[in-house]
1. Give me the one-decimal nm value for the distance between modelled label points at residue 417 and residue 187, 7 Å along each residue's Cα-to-Cβ direction.
2. I'd like the FRET efficiency for residue 28 and residue 510, computed as 1/(1 + (r/R0)^6) with the beta carbon distance as r and R0 of 41 Å, rounded to 0.05.
3. Would you mind giving the three semi-axes, in whole Å and largest first, of the ellipsoid equivalent to the chain according to its Cα gyration tensor?
4. Roughly how compact is the range 295-376, stated as its Cα Rg over 2.2 N^0.38 Å to two decimals?
5. Percent of alpha carbon pairs in the range 113-209 separated by more than 17 Å?
6. Measure nothing fancy, just the Cα-based angle from helix 140-172's long axis to the longest principal axis of the chain, in degrees from 0 to 90, nearest 10.
7. Does the range 377-531 come out rounded, prolate or oblate by the C-alpha gyration tensor, with a ≥ b ≥ c the root eigenvalues, rounded set by a/c under 1.5 and, if not, prolate when a/b is larger than b/c and oblate if not?
8. Under the rule of at least 5 residues apart or a separate chain, name every residue whose amide H is placed under 5 Å from the amide H of residue 203.
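Values in this text are rule-based calculations from the coordinates and carry no lab data. What you see is a predicted model, and the numbers here were worked out from it, not measured in a lab. Virtual Cβ from ideal backbone geometry, glycine too; neighbours counted across all protein chains shown.
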Amino acid sequence: MKLSFKKDLHIATIRSEEIWNKFKVHTLLQNCESKQPSINAYLGARYSRSSDSIVDIASEILKTNTDAAERLEKIFSGYGHKSVGDMADLFLCLEDIPMFTAMKIFYINSVISGQERSTRYQNFQNPEFVKIPNEVCTDREITKGYERIILKQMQDYRELLKPTKDALEKHFRINDESTQEVSALKARAFDVARYLLPFGLNTSSAYLMSARNWSDMISYLCSSDSVVENSLSTLLLNLLGESNLEARGYIREADGLIRHTDANGCRKSSTKNILEYMKKSISTEQSRDIPECEEEAIKVSYSPDCMEALISHYEALINPLGSKEEFEFSETDQEEIGEIIFENHDHHNTLGNIGQSGAVKIEGFATLGTLKDMNRHRSLERFMPIFHDEIDMDQELDRRNDQCFYLCNYLNIPSLSRLRKSYEEKLTDTYERIREWRKMAKEVLSKEVCDEYTKYLLPHAHATRYIFYGSFDDLQYISNLRTRNGGHIAYRKLTYEWLRNLSYLDPIWRPLLRKIIEPRIDDKHQFVDRS
């Protein structure tokens, strides 16, 4: 690792020096001369224990040149670390990390602000992607085989991007002299072609979280089965927390608040033990009724039973495609599972996504690309089995190659049927290669590494299970926002179908359904409107 600091930009950077990755983490400081987030946290802590105005407290701190970080140390024991750590925001940019990892970070943190670099603005002529470290695999055939699949997917993307653009241009009769129409065509062509891109490609993303959340994330990344996440946790800890690495002029903004960062395996331990318990009674025979498209997969319901929701999440890790016969749990099962949960979890160690539920449940199958966009709605409670180490990846892929993916909705236009067939052929071939590689890799790699790198090979088109929960207000907000012209047709159609299904469930949603214009794949105005 190498730490550097650009004082004129207020940016400290730590970069990996490992051969297999180019990870870089930047932190954008609020103030180069002082630990501003620590000062903010100290002001908040003092404010809650005083009758004085914040103006008077801040004035006192400045006049006496109070060391906020040192004072925080003294009040932790009586005040608690987490409530103070919540008031110190830290802005970080993670560069050249896998797309899968960037999406997972958004997924596991419910309180987070951030942006990922859009795939529309990345150069895929010379793609960068995550490699397999020599430390975990010295077999060149396995590592080269993995790289060949990703390069093959990139070649598929390059080969089909122009024919896709040409076909869309012809169907929608794009005016070459209209800047708006030409720009929209370029974006829409990419929206179709990106389904071929693998999730192991490098991306960059910016995140704003509290010191408390960064501490929690470091500890969970550190305990992960993922070699990528383990490496990132080390970089984050050395950039933000106590470290032997120093860079002239760099003052860590909240190092005293980056605490409890040791590997936290409570979620892994409880999930593993619960799955072992459930496998004694549950059939691993999966449903073969795979929906043909995202819209057909949707199921909505009100106020799901909390226990049933929890058990269904664990069951989805065993049978990601859905069980042929669902697990019927008894009171004894509930008590046994409760014993495991409360042996591992308390107010310091929560269950995370697997323990979430809510007022309205929406579940189904959608592509990773669609879910990447929907995952940004962090007011929703989200459970997606693919982002958990404990998912059975053999079960996730236990379907025909052509059932593993969905295509962009524009390819349902009849005049694009020949183009659609080209996409189907290339993706079917991709899954055939993934299966062949996985079969060889399982004989060489550990199960954990094999599963991790299989996920990086999955294309944006990969159809996987999701379970979302939201309040009435969450869902009216998303219905209004995500059906508008300008966004990707896939999530616009999916969100509209969520609303349509809600209107079947309860008449209160019908006025909103009438108000919103249905997203249509063959509507030129919607196609070229990017407002």
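1. The answer from the label model is 3.1 nm.
2. On the way: r = 46 Å, r/R0 = 1.13.
Efficiency at R0 = 41 Å is approximately 0.30.
3. Numbers: eigenvalues 298, 161, 142 Å².
Semi-axis lengths for the chain are 39, 28, 27 Å.
4. Working: Rg = 14.5 Å, N = 82, 2.2 N^0.38 = 11.7 Å.
Cα-based Rg divided by the globular estimate yields 1.23.
5. Details: 2857 of 4656 pairs.
Counting every Cα pair in the range 113-209, those more than 17 Å apart make up 61 percent.
6. 60 degrees
7. Details: a/c = 2.88, a/b = 1.54, b/c = 1.87.
Cα axes put the range 377-531 in the oblate bin.
8. Those lying under 5 Å, H to H, from residue 203 are 96, 97, 99.
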